[in-house]
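S.K.: Pasting a structure below so you can have a look.
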Amino acid sequence: MLQVLACGVVVFPGLFFVFRRVLPSIFKQWTDADVVLVSERLVSSVHAVMATTAGVIVVLACSGNIMTDRYWLATYFVIWYGVPYMTYDIYAMYLSHYYRFRVKGHEEYKEHSLTTVNSFVRREFLLVLHHIALLTILLPVTLFFRRDQGDYFIGCLFLTELSTPFVSLGKILIQLGLQDCWIHKANGGMVLLSFFLCRIALFPYMYWVYGRHYGIPVYGVPFHLTLSVNLGSLCILAPQVYWFVLLCRKGWRLYQRQCHSTAAAGSQDSSLLPPPSPPSLTDSQPKGNH
């Protein structure tokens, strides 16, 4: 009974329900869209912390022999938490999309319909595809096609969730109106760093570890692996690179906007100063050099 209650099928929708009930009583000015967005981000952060912790445990437990060492959490976390979370998150993202456009007054969003679902899938196609790919690729690989090998690499894939709390914190800080504080700026740096290390650089690292285990150079690893493994890695890596580029562009735009606002504020302050008095006819140099 306790195992069923601790399962992700209960935990993640349950937390989402609790946050949606508690947050309006704290932030009374928030709309339904605000509450759903923050609730979704909080649940995502909880799952990310769980997945990252599980990943660290599995990687450390299987670091002796990366191919044959086993640890039960590599399989059970996917079954009990990974699959339920990915399924729940598609629904939570849809609700966030629905209430965001409903608050804006779109007529077709007065109630749920195939139109709203279709609009969500079109607007968030890459995210939905990413979730479905994990459900249809990671789950079968974890359960049926590994031949009891590679728990170490499953643990590494869990570590990709390390960046999620920082991404969620950034959106929550914006929701709280704290986008100009130093915490948001520092968090932006952590988003880029953690995203690059754990969602992009992690894949070359796994290829390098595999090559070191078999004594082959990293550039020869793709030829040592099956085509399905390489394609699976590419399918997971490609959207991560795309999202990282978007994050970098957004960070650059925010940096430029801040520089422009700082320059504008400086010019405005200087315009408020009284004009300098003209030098007298007996002055041979500007007064500042006297």
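S.K.: Tell me, please, whether a residue that is in contact with an Asp or Glu (Cβ under 8 Å, 6 or more places away or on another chain), open to solvent by less than 80 Å² (accessible area, probe 1.4 Å) and in contact (Cβ under 8 Å) with a residue 12 or more places away in the chain can be found in the range 107-118. Please lay out each step first, then the result.
M.R.: Residues of the range 107-118 in contact with an Asp or Glu (Cβ under 8 Å, 6 or more places away or on another chain): 115-116.
Retained after the next criterion (residues that are open to solvent by less than 80 Å² (accessible area, probe 1.4 Å)): 116.
When the remaining residues are screened for being in contact (Cβ under 8 Å) with a residue 12 or more places away in the chain, the result is 116.
Scanning the range 107-118, I find at least one residue that is in contact with an Asp or Glu (Cβ under 8 Å, 6 or more places away or on another chain), open to solvent by less than 80 Å² (accessible area, probe 1.4 Å) and in contact (Cβ under 8 Å) with a residue 12 or more places away in the chain, so the answer is yes.
S.K.: I need the full set of residues from the range 45-68 which are closer than 30 Å to Y214 by Cα, out of contact with any Gly (no Cβ under 6 Å at 6 or more places or on another chain) and assigned to a helix (DSSP H, G or I), in order please.
M.R.: Step one: filter the range 45-68 for residues closer than 30 Å to Y214 by Cα, giving 51-68.
Then drop every residue that is not out of contact with any Gly (no Cβ under 6 Å at 6 or more places or on another chain), which leaves 51-54, 56-57, 60-68.
Across the range 45-68, the qualifying residues are A51, T52, T53, A54, V56, I57, L60, A61.
Each row is one residue, and each column tells you yes or no for (1) of a type in the set (G, A, S); (2) over 17 Å from V141 (Cβ atoms); (3) under 18 Å from the mean Cα position of the chain (by Cα).
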position	(1), (2), (3)
S39	yes, yes, yes
L42	no, yes, yes
T52	no, yes, yes
G64	yes, yes, no
I79	no, no, no
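S.K.: For the range 214-229, enumerate the residues that are within 21 Å of T160 (Cβ to Cβ) and open to solvent by 30 Å² or more (accessible area, probe 1.4 Å). I'd like the intermediate steps shown before the answer.
M.R.: So in the range 214-229, the residues within 21 Å of T160 (Cβ to Cβ) come out as 218, 221-222, 225, 228-229.
Hits for the range 214-229 are V218, P222, L225, S228, V229.
S.K.: Also: Go through the residues of the range 257-270 one by one and say whether even a single one is open to solvent by 60 Å² or more (accessible area, probe 1.4 Å), assigned to a helix (DSSP H, G or I), modelled with pLDDT of 75 or more and hydrophobic (A, V, I, L, M, F, W, C).
M.R.: Among the residues of the range 257-270, not one is open to solvent by 60 Å² or more (accessible area, probe 1.4 Å), assigned to a helix (DSSP H, G or I), modelled with pLDDT of 75 or more and hydrophobic (A, V, I, L, M, F, W, C), which makes the answer no.
S.K.: For the range 12-23, indicate whether the set of residues that are among the basic types (K, R) and assigned to a helix (DSSP H, G or I) is non-empty. Walk me through it before giving the result.
M.R.: Quick first cut of the range 12-23, residues among the basic types (K, R) only: 20-21.
From what is left, the residues that are assigned to a helix (DSSP H, G or I) are 20-21.
Yes: the range 12-23 contains one or more residues that are among the basic types (K, R) and assigned to a helix (DSSP H, G or I).
S.K.: Could you identify the single residue in L173, L192, L162 that is within 27 Å of R70 (Cβ to Cβ) and either assigned to a helix (DSSP H, G or I) or in contact with a Pro (Cβ under 8 Å, 6 or more places away or on another chain) (or both)? Steps first, please.
M.R.: On the way: L173 fails: within 27 Å of R70 (Cβ to Cβ); L192 fails: within 27 Å of R70 (Cβ to Cβ).
Every option except L162 fails the conditions.
S.K.: Looking only at residues that are without any contact (Cβ under 8 Å) to a residue 12 or more places away in the chain and either under 24 Å from V128 (Cβ atoms) or not in a helix (DSSP H, G or I) (or both) in the range 231-254, which one is farthest from the chain's Cα centre (by Cα)? Steps first, please.
M.R.: To start, the set of residues in the range 231-254 that are without any contact (Cβ under 8 Å) to a residue 12 or more places away in the chain comprises 231, 234, 238, 245-246, 249-250, 252-253.
Within this subset, residues satisfying the condition of being either under 24 Å from V128 (Cβ atoms) or not in a helix (DSSP H, G or I) (or both) are 231, 234, 238, 245-246, 249-250.
Working: L231: 23, L234: 18, A238: 15, V245: 13, L246: 12, R249: 16, K250: 14 Å.
The residue in question is L231.
S.K.: Quick one: I236 ticks every box in (1) within 21 Å of M67 (Cα to Cα); (2) surrounded by 13 or more Cβ atoms within 10 Å (Cβ to Cβ); (3) at pLDDT 90 or above bar one, so which box is it?
M.R.: (3)
S.K.: In the range 51-76, what count of residues is obtained for those that are among the β-branched types (V, I, T), in contact with a Phe, Trp or Tyr (Cβ under 8 Å, 6 or more places away or on another chain) and either surrounded by 17 or more Cβ atoms within 10 Å (Cβ to Cβ) or at pLDDT below 90 (or both)?
M.R.: 4
S.K.: Could you list, in sequence order, all residues of the range 165-209 that are among the hydroxyl-bearing types (S, T, Y) and open to solvent by 30 Å² or more (accessible area, probe 1.4 Å)?
M.R.: Of everything in the range 165-209, those that are among the hydroxyl-bearing types (S, T, Y) and open to solvent by 30 Å² or more (accessible area, probe 1.4 Å) turn out to be Y205, Y207.
S.K.: For L176, all conditions in the list (1) without any contact (Cβ under 8 Å) to a residue 40 or more places away in the chain; (2) more than 22 Å from the chain's Cα centre (by Cα) hold save one; what is the number of the exception?
M.R.: Every condition holds for L176 apart from (2).
The values are calculated or read from the model by the stated rules, or taken from the named source; none is laboratory data. Note that the structure is a prediction, hence the values are computed from the model and not measured. Every residue, glycine among them, receives a Cβ derived from its backbone with ideal geometry; neighbour counts consider all protein chains shown. With ligands, DNA and RNA removed, areas are computed over all heavy atoms of the protein, side chains included. Shrake-Rupley method; radii C 1.70, N 1.55, O 1.52, S 1.80 Å.
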